[in-house]
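A short write-up of the structure that comes next.
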Amino acid sequence: MKISVVGCGYVGLVSGTCFAEMGNDVVAVDRDADRVKTLQSGGVPIYEPGLAELIQRNRSDGRLRFTTDMQRAVQDALAIFICVGTPPKPDGSTNLEAVMDAGRCVAEQMQSYKLVVVKSTVPVGTCRKLADEMAQHTDVEFDVASNPEFLKEGAAVNDFFRPDRVVAGVDCQRAEALLRRLYTPFLRTGKPFICMSTPSAEITKHACNTMLATRISFINEVAALCEASGADVEEVRRGMAADSRIGSQFLFPGLGFGGSCFPKDIRSLAHVGRAFGSVMRVAEATRAANEEARSRFLERIAQHFDGDLDGRKLAFWGLAFKPRTDDVREAPALWLIKRMLRRWPALDVAAHDPVAIPGAREELPDRVAFCANEYEPLEGADALVICTEWNEFRSPQISRVKELLKSPVIFDGRNLYDPERMRAEGFTYYSVGRQTLRPR
């Protein structure tokens, strides 16, 4: 099938590339000329494992092309996927300007029937609003469908090739038939193609992300109770996860969720609920609990140093909001660093992340030192703060860590280590939902 993808960001690049890998003819269009030039020259503007190799192969085989020319992108395509950004507004509502603008541009260039598929995350009712907007700019027949993405950053390529399900929001059989045809190669293991109305599909996306975020916030509240009562959240978590009705996914205590999806989608769902007179109390509480988890962790660091970190140095491991991505949007590490530097202007911060330093450098003050490896920021630091569970942080040379630190103190926001082992190694070890252990 001939496909166009409008938007060469995270979702657009992964979607377009994976469609091309299945033999489709894909043209990806973006207004950012520099981004398109980078892609045309073989570069990839985002970090996602396995994506660069797929882009290179499909470009070489002629199935994947990049352009700034909307007319070229629309002219021959049967299906056009809108994958543009939908950033939040200050009140939590979703900015749909890019989606509507993309729809207008497509409508103005259409000369034959098109299936326009909204893959961007949008509030309920957007597809029907988009169809009304496009109808004002063309007399050519078209359908608008919703096809929300459920990609995990760091595993997006695998998620696209092996989806748990494909959700298709359609208002006619023609749109359903085209989407089924397109996704059949991805569902050979029997995973479901779930067809529903466009409003249902739009709510499904927000509801899924909010449910997953709620699990994270809940286990972090349980962790706070464990810290206060002397229980161990890891033991509690195992007891919960063994219940087949609950399971273990997204049930790990830590510094809370970040990234471009969960925080934005929770706010959007809550805003839509208020607009329809249906208050989303769980969504509101989930967001508040996430903020509290980070604040509790910050206060534990402050209390260790008697409330004053001026003149101290902290080493940070991990800047991305999760491993296997360079995305620092809403990252807990950046949240902590920014607030600490405002609160203690004389605090020194040195940090390392395997791939997210360029993005973090744009967000953090110049006074933050970025280091090429995980051991460099430890030199002379008063403590190590772990914010992202990269594999290379899971089994470090503990003796070297202790030797480089000024004092053997670790604040582990991801519960990477066994507390008893850390105590035996001579560390004061703080983690989430477990008791603080100090050397005997």
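The values are calculated or read from the model by the stated rules, or taken from the named source; none is laboratory data. It should be emphasised that the depicted structure is a prediction, and the values quoted were computed from it without experimental measurement. Cβ placement follows ideal geometry from the backbone for every residue including glycine, while neighbour counts extend to all protein chains displayed.
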Inside segment 7-104, counting only strands (runs of 3 or more DSSP E) that do not spill past its ends, which hold 3 or more residues that are loosely packed, with under 15 Cβ neighbours inside 10 Å and of a type in the set (A, V, I, L, M)?
none
Within segment 386-404, can one find any residue that is exposed (fewer than 15 other Cβ atoms within 10 Å of the Cβ), in contact with an Asp or Glu (Cβ under 8 Å, 6 or more places away or on another chain) and under 18 Å from Leu347 (Cβ atoms)?
no
Inside segment 150-184, can you point out the residues that are out of contact with any Phe, Trp or Tyr (no Cβ under 9 Å at 6 or more places or on another chain), farther than 30 Å from Pro323 by Cβ and not in a helix (DSSP H, G or I)?
Gly169, Val170, Asp171, Cys172
From the list Leu309, Leu251, Leu255, Leu319, exactly one residue is under 24 Å from Val432 (Cα atoms), touching a residue at least 24 places away in the same chain (Cβ under 8 Å), more than 24 Å from the chain's Cα centre (by Cα) and part of a loop (DSSP other than H, G, I, E, B). Which is it?
Leu309
Just checking, does segment 221-243 include any residue being among the charged types (D, E, K, R), assigned by TED's automatic domain parsing to the domain that holds Phe81, over 19 Å from the mean Cα position of the chain (by Cα) and part of a loop (DSSP other than H, G, I, E, B)?
no
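Conditions tested, residue by residue: (1) touching a strand residue (DSSP E or B) at 6+ places or on another chain (Cβ under 7 Å); (2) of a type outside the set (S, T, N, Q).
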{"residue": "Ile357", "(1), (2)": "yes, yes"}
{"residue": "Arg361", "(1), (2)": "yes, yes"}
{"residue": "Tyr375", "(1), (2)": "no, yes"}
{"residue": "Leu384", "(1), (2)": "yes, yes"}
{"residue": "Ser399", "(1), (2)": "no, no"}
{"residue": "Leu405", "(1), (2)": "yes, yes"}
{"residue": "Val432", "(1), (2)": "no, yes"}
Strands (runs of 3 or more DSSP E) lying entirely in segment 330-418 (those with 2 or more residues that are without any contact (Cβ under 8 Å) to a residue 60 or more places away in the chain and either farther than 22 Å from Glu291 by Cβ or aromatic (Phe, Trp, Tyr) (or both)):
348-352
Test result for Ser268, part of a helix (DSSP H, G or I) and within 27 Å of Ala383 (Cα to Cα):
no
Could you please find all residues in segment 410-440 being over 20 Å from Ala315 (Cβ atoms) and either among the acidic types (Asp, Glu) or modelled with pLDDT under 95 (or both)?
Asp418, Glu420, Arg440
Go through (1) closer than 30 Å to Pro88 by Cα; (2) surrounded by fewer than 16 Cβ atoms within 10 Å (Cβ to Cβ); (3) over 16 Å from the mean Cα position of the chain (by Cα); (4) among the aliphatic types (A, V, I, L, M) one by one and return the number of the condition Leu179 breaks.
(2)
In segment 158-175, which residue that is closer than 24 Å to Glu53 by Cβ and touching a Ser or Thr at 6+ places or on another chain (Cβ under 9 Å) is surrounded by the fewest Cβ atoms within 10 Å (Cβ to Cβ)?
Arg162
Test result for Val116, in a strand (DSSP E or B), outside the structural domain of Ala331 (by TED's automatic domain parsing) and either in contact with a helix residue (DSSP H, G or I) (Cβ under 7 Å, 6 or more places away or on another chain) or not β-branched (Val, Ile, Thr) (or both)
yes
Mind checking which residues of segment 182-219 are outside the structural domain of Ile266 (by TED's automatic domain parsing), of a type outside the set (S, T, N, Q) and either without any contact (Cβ under 8 Å) to a residue 12 or more places away in the chain or over 17 Å from Ser146 (Cβ atoms) (or both)?
Pro185, Phe186, Leu187, Arg188, Gly190, Lys191
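Here's the yes/no breakdown for (1) in contact with a Pro (Cβ under 8 Å, 6 or more places away or on another chain); (2) over 16 Å from Phe321 (Cβ atoms); (3) at pLDDT 95 or above; (4) surrounded by fewer than 20 Cβ atoms within 10 Å (Cβ to Cβ):
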position	(1), (2), (3), (4)
Ser244	no, yes, yes, yes
Cys261	no, no, no, no
Ile266	no, no, yes, no
Ala270	no, yes, yes, no
Gly277	no, yes, yes, yes
Ala289	no, yes, yes, yes
Ser295	no, yes, yes, yes
Is it the case that Gly426 is touching a helix residue (DSSP H, G or I) at 6+ places or on another chain (Cβ under 7 Å), outside any helix (DSSP H, G or I) and buried (at least 17 other Cβ atoms within 10 Å of the Cβ)?
no
Can you say whether Ala351 is among the small types (Gly, Ala, Ser), closer than 22 Å to Ile46 by Cα and not assigned by TED's automatic domain parsing to the domain that holds Ala156, as far as the supplied structure shows?
yes
